[in-house]
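Structure record follows, encoded as structure tokens.
The values are calculated or read from the model by the stated rules, or taken from the named source; none is laboratory data. Being a predicted model, the structure only gives us computed values, none of them experimental. Please note: Cβ atoms are built from the backbone with ideal geometry, for glycine as well, and neighbour counts cover all protein chains shown.
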Amino acid sequence: MELYHHTIRELHQKLCDGEVSSRQITEAVLARIDEVEPTLHSYIRVMKEEALDQADHIDEQLGKGEIEPTYLTGIPLAIKDVICIKGVPTTCGSKILEHFVPPYDATVIQKLKQQHPVLIGRTNMDEFAMGASTEHSAYGITRNPWDIERVPGGSSGGSAAAVAAGEAIAALGTDTGGSIRQPAAFCNITGLKPTYGRVSRYGLVAFASSLDQIGPMTKDVFDAAILLQAISGHDPKDSTSVNYSVPDYTQSLLPDLQGVKIGIPKEYFAEGLDPQIERAVRNAIDVLERLGATCREVSLPNTAYGVATYYIIAPSEASSNLARYDGVKYGYRTANYSDLMDMYTKTRSEGFGPEVIRRIMLGTYTLSSGYYDAYYLKAQKVRTLVRQDFERVFQEVDVLATPITPTPPFKIGEFVDDPLTMYLIDVYTVPINLAGLTGISIPCGFTQDHLPIGLQIIGGHFQEEKVLRTAFAFQEQTNFHRQQPEIARIDDK
Ligand code: GLN
């Protein structure tokens with residue numbers, strides 16, 4: 001097997017055994033990027049020279065015994081272009097931040113750097129993480145490695161495609177309403193959204209501050225545990241990060257599910273779910289039972305209100321967060337303007353794409369006086385009901401098993417002009433963010449057209465260990481996550 005198809009754990013072992021160097025791994029990944037990037041466009045920026053320099057430096061330090069190799073040492077990682085890296089342009093997929101270079105590292109980057117990984121590039125994304133297809137980027141679309149006519153999901157579609165295609169060994173994504181889990185499902189990788197407060201948001205460009213979390217996108221559950229471990233923990237710079245100790249996540253990975261109680265929420269198998277997805281997820285639940293889990297149906301009656309609630313709260317927060325892009329402080333400023341107001345208006349009209357403008361308008365409306373009570377306040381109340389649904393079922397079960405999406409990956413262009421349909425695709429992912437829970441997406445099958453299908457395991461607040469354990473046991477029994485795409489070339493089509 002090519003080096004770029006290996007997991008973090010496998011490459012770490014090879015590095016420790018002296019079988020490969022970080023330089024060799026990095027060169028293999030860069031060669032893979034040269035090969036498939038013209039077709040997939042997973043990256044906004046590949047940091048080729050920096051990556052090779054980092055790899056050489058790490059090899060030298062390892063050789064001299066100056067550093068002890070931990071799991072991430074020397075491993076090429078990709079970072080979604082919404083997480084600040086000191087000195088490296090961070091665009092958020094937007095023209096408005098085209099030339100923005102952060103003067104500091106996000107806390108997650110600082111934490112990663114303590115383990116000396118190789119940061120290989122910045123991955124493509126829907127502008128400001130608003131979207132489910134990676135079609136809303138000012139820097140072009142990303143294609144799904146499993147079918148290049150289809151979307152990789154979004155908004156972390158670049159990270160998902162890069163990991164699936166071997167253009168990175170693992171990546172960081174962000175999840176506000178499904179943006180780690182849905183692209184993970186569409187690209188046949190593993191993606192974990194941590195509990196709200198588990199991972200610091202300092203240095204993450206804000207979309208919707210009460211929902212955003214950074215998390216791992218990897219080739220398997222073991223790697224997700226490694227990466228989650230590296231980025232978790234309290235941060236005095238983020239008052240919403242929680243001061244709970246971080247368990248050793250790799251220790252929670254057991255091969256069986258004896259004593260684990262799994263709830264199957266009936267509202268997640270309702271009308272609109274593709275029958276091929278339903279079959280794959282139900283088969284996956286049978287596997288979990290064979291591993292020793294007890295499964296039973298539960299009800300989350302407010303599920304149907306999740307999308308409507310999310311699409312009021314997220315745009316409201318976005319309209320406030322994105323007010324800072326005014327042509328004065330950051331990035332883009334319009335070339336010609338008559339006065340200050342004209343400068344603001346033109347900068348924002350030219351700098352933001354249509355989906356971001358739609359969200360700002362929606363959010364400004366729902367927060368405006370006269371509509372605030374009817375929309376924003378009402379949505380906050382429904383959010384409480386959604387959270388209470390979960391709190392009730394988690395008194396009886398350890399985790400929940402559900403699909404990630406109602407449909408398989410869709411065609412590029414299919415819904416780009418139909419925002420409502422695009423929003424409805426988030427039906428099984430947004431409630432988890434509204435309730436602040438943790439959820440993982442793992443591969444659980446393929447459609448007749450060989451498109452990936454994802455299984456979601458949802459856990460209560462700070463129950464990552466249970467989620468990881470369930471997902472790990474499933475991967476020990478199955479091979480879906482080991483399948484790799486045969487990537488067509490764009491010029492063959
Ligand atoms: N698809 C959702 C949206 O468009 C989720 C995005 C996200 O998680 N960043 O808002």
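Determine, yes or no, whether Ser156 is within 16 Å of the ligand (Cβ to nearest atom) and hydroxyl-bearing (Ser, Thr, Tyr). Walk me through it before giving the result.
On the way: within 16 Å of the ligand (Cβ to nearest atom): yes; hydroxyl-bearing (Ser, Thr, Tyr): yes.
Yes.
Only one residue in Thr26, Thr90 is part of a loop (DSSP other than H, G, I, E, B), hydroxyl-bearing (Ser, Thr, Tyr) and within 24 Å of the chain's Cα centre (by Cα), so which one is that? Walk me through it before giving the result.
On the way: Thr26 fails: part of a loop (DSSP other than H, G, I, E, B).
None of the other options fit; the residue is Thr90.
Does Arg333 satisfy being within 16 Å of the ligand (Cβ to nearest atom), basic (Lys, Arg) and modelled with pLDDT of 95 or more? Steps first, answer last, please.
On the way: within 16 Å of the ligand (Cβ to nearest atom): no; basic (Lys, Arg): yes; modelled with pLDDT of 95 or more: yes.
Answer is no for this residue.
Among the residues of segment 383-399, count how many are among the aliphatic types (A, V, I, L, M), in contact with a helix residue (DSSP H, G or I) (Cβ under 7 Å, 6 or more places away or on another chain) and crowded, with 19+ Cβ neighbours inside 10 Å.
First, the residues of segment 383-399 that are among the aliphatic types (A, V, I, L, M): 385-386, 393, 397, 399.
Restricting the remaining residues to those that are in contact with a helix residue (DSSP H, G or I) (Cβ under 7 Å, 6 or more places away or on another chain) gives 385-386, 399.
Cutting the leftovers down to crowded, with 19+ Cβ neighbours inside 10 Å gives us 386, 399.
Residues that pass the stated criteria total 2.
Among the numbered criteria (1) in contact (Cβ under 8 Å) with a residue 12 or more places away in the chain; (2) in a helix (DSSP H, G or I), which single criterion is violated by Val427?
Unmet condition: (2).
So, in segment 360-370, of the ones that are at pLDDT 95 or above and more than 15 Å from Ala308 (Cβ to Cβ), which residue ends up surrounded by the most Cβ atoms within 10 Å (Cβ to Cβ)?
So in segment 360-370, the residues at pLDDT 95 or above come out as 360-368.
From what is left, the residues that are more than 15 Å from Ala308 (Cβ to Cβ) are 360-361, 364, 367-368.
Values: Ile360: 22, Met361: 12, Thr364: 16, Leu367: 17, Ser368: 12.
It comes out as Ile360.
Please enumerate the residues belonging to segment 209-236 that are in a helix (DSSP H, G or I) and either of a type in the set (Asp, Glu) or at pLDDT below 95 (or both). Walk me through how you get there before you give the answer.
Step one: of segment 209-236, the residues in a helix (DSSP H, G or I) are 221-231.
Asp223, the sole residue that qualifies.
Does Gly351 fit the bill of being away from the ligand (no atom under 16 Å from the Cβ), at pLDDT below 95 and either surrounded by 14 or more Cβ atoms within 10 Å (Cβ to Cβ) or within 30 Å of Asp449 (Cβ to Cβ) (or both)?
For Gly351, the condition - away from the ligand (no atom under 16 Å from the Cβ), at pLDDT below 95 and either surrounded by 14 or more Cβ atoms within 10 Å (Cβ to Cβ) or within 30 Å of Asp449 (Cβ to Cβ) (or both) - is not met.
Using the structure shown, decide if Asp417 is more than 19 Å from the chain's Cα centre (by Cα) and either surrounded by 24 or more Cβ atoms within 10 Å (Cβ to Cβ) or within 16 Å of the ligand (Cβ to nearest atom) (or both).
Numbers: more than 19 Å from the chain's Cα centre (by Cα): yes; either surrounded by 24 or more Cβ atoms within 10 Å (Cβ to Cβ) or within 16 Å of the ligand (Cβ to nearest atom) (or both): yes.
The answer is yes for Asp417.
Considering segment 256-280 alone, what residues qualify as being in a helix (DSSP H, G or I) and out of contact with any helix residue (DSSP H, G or I) (no Cβ under 8 Å at 6 or more places or on another chain)? Please lay out each step first, then the result.
Step one: list which residues in segment 256-280 are in a helix (DSSP H, G or I), which gives 266-269, 275-280.
Of everything in segment 256-280, those that are in a helix (DSSP H, G or I) and out of contact with any helix residue (DSSP H, G or I) (no Cβ under 8 Å at 6 or more places or on another chain) turn out to be Lys266, Pro275, Gln276, Ile277, Arg279, Ala280.
Let me confirm something: among Phe222, Phe186, Phe207, which residue is away from the ligand (no atom under 16 Å from the Cβ), among the aromatic types (Phe, Trp, Tyr) and either in contact (Cβ under 8 Å) with a residue 60 or more places away in the chain or within 21 Å of Gln456 (Cβ to Cβ) (or both)? Even if it seems obvious, please write down each step before you answer.
Numbers: Phe186 fails: away from the ligand (no atom under 16 Å from the Cβ); Phe207 fails: away from the ligand (no atom under 16 Å from the Cβ).
After ruling out the rest, the residue left standing is Phe222.
Among Tyr344, Tyr337, Tyr372, which is free of Cβ contacts under 8 Å to residues at least 40 places away in the same chain and either among the charged types (D, E, K, R) or in contact with a Gly (Cβ under 7 Å, 6 or more places away or on another chain) (or both)?
Working: Tyr337 fails: either among the charged types (D, E, K, R) or in contact with a Gly (Cβ under 7 Å, 6 or more places away or on another chain) (or both); Tyr372 fails: either among the charged types (D, E, K, R) or in contact with a Gly (Cβ under 7 Å, 6 or more places away or on another chain) (or both).
Only one candidate qualifies: Tyr344.
Within segment 471-485, does at least one residue satisfy the condition of being crowded, with 24+ Cβ neighbours inside 10 Å, among the β-branched types (Val, Ile, Thr) and in contact with a helix residue (DSSP H, G or I) (Cβ under 8 Å, 6 or more places away or on another chain)?
No: zero hits.
Please verify whether Ala138 is buried (at least 24 other Cβ atoms within 10 Å of the Cβ) and either part of a loop (DSSP other than H, G, I, E, B) or in contact with a strand residue (DSSP E or B) (Cβ under 9 Å, 6 or more places away or on another chain) (or both), treating the condition exactly as stated.
Working: buried (at least 24 other Cβ atoms within 10 Å of the Cβ): no; either part of a loop (DSSP other than H, G, I, E, B) or in contact with a strand residue (DSSP E or B) (Cβ under 9 Å, 6 or more places away or on another chain) (or both): yes.
Taking the combined requirement at face value, the residue does not satisfy it.
With respect to Ala168, determine if the residue is out of contact with any Ser or Thr (no Cβ under 6 Å at 6 or more places or on another chain) and not β-branched (Val, Ile, Thr).
On the way: out of contact with any Ser or Thr (no Cβ under 6 Å at 6 or more places or on another chain): yes; not β-branched (Val, Ile, Thr): yes.
Answer is yes for this residue.
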